[in-house]
1. Report the calculated FRET efficiency for ARG84 and TRP17 (r = Cβ-Cβ distance, R0 = 22 Å), to the nearest 0.05.
2. Tell me, Kirkwood radius of the stretch 5-120 from alpha-carbon pair distances, in Å?
3. With everything on Cα atoms, drop me the angle between helix 88-103 and the longest principal axis of the chain, reported from 0 to 90° to the nearest 10.
4. May I ask for the distance between the Cα centers of the stretch 33-65 and the stretch 80-121, given as a whole number of Å?
5. Counting other Cβ atoms within 10 Å, keep those with at most 11, restrict to DSSP loop, and tell me which chymotrypsin sites (Phe, Trp or Tyr not before Pro) in the stretch 36-121 are left.
6. What range in the chain is the longest one free of trypsin sites (Lys or Arg not before Pro) that are in a loop by DSSP and have at most 13 other Cβ atoms within 10 angstrom?
7. Give me ILE33, ILE44 ranked fewest to most by other Cβ atoms within 10 Å of their Cβ, as a rough exposure proxy.
8. How do HIS89, HIS67 rank when sorted from fewest to most other Cβ atoms within 10 Å of their own Cβ?
Amino acid sequence: MRSGRFGGYGFAKTMEWMTGTVGIPAPLAAAGITLEVVGPALLIPGIASRLWGAALAIFMAVAASTHVANGCFMNWFGTKPAGREGCEHHLLAIAMVCATAMSGGGAYSVDRVLSRRLSET
């Protein structure tokens with residue numbers, strides 16, 4: 001039964017899955033869940049874009065490693081059980097956050113606005 005917001009499983013059930021099924025130690029699983037929530041929320045306004053981009057790239061690389069055995073194909077027809085999808089989504093996410101980690105936030109990101117103001121003084 002899903003208990004989290006937006007139709008997800010929530011923190012407790014996700015922790016249970018990550019520590020039980022996947023075998024990730026509890027502190028790392030909690031850090032990963034927090035990173036998945038906080039990182040994108042701070043990437044949207046462009047706060048510490050390079051830091052969050054790099055952290056999310058590492059996180060997604062670990063997530064991709066848990067799907068490598070399934071290949072690189074989506075569950076197009078919904079015939080595979082949950083968690084048995086390929087690693088293509090993870091690879092796409094890695095590419096996007098690596099680009100952010102290397103180039104930083106956009107022209108109107110909080111990072112750029114602050115750096116412009118600091119360079120003017």
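Bear in mind that the values in this text are calculations on the coordinates, not laboratory data. Keep in mind it's a predicted model, so treat the numbers as computed, not measured. Ideal geometry is used to build each Cβ from the backbone, glycine not excepted, and the neighbour counts take in all protein chains shown.
1. On the way: r = 13 Å, r/R0 = 0.61.
Taking R0 as 22 Å, the efficiency between ARG84 and TRP17 is 0.95.
2. Details: mean 1/r = 0.0635 Å⁻¹.
Taking every pair of different Cα atoms in the stretch 5-120, averaging 1/r and inverting gives 15.7 Å.
3. The answer is roughly 10 degrees.
4. Their Cα centres are 7 Å away from one another.
5. Details: sites: TRP52, PHE59, PHE73, TRP76, PHE77, TYR108; in loops: PHE73, TRP76, PHE77, TYR108.
Those that pass, being in a loop and sparsely packed, are PHE73, TRP76, PHE77, TYR108.
6. Working: sites that count: ARG2, ARG84.
Looking at the chain, 3-83 is the longest stretch - no exposed trypsin sites (Lys or Arg not before Pro) with at most 13 other Cβ atoms within 10 Å.
7. Details: ILE33 16, ILE44 10.
Neighbour counts put them in this order, fewest first: ILE44, ILE33.
8. Ranking HIS89, HIS67 by Cβ neighbours within 10 Å, fewest first, gives HIS89, HIS67.
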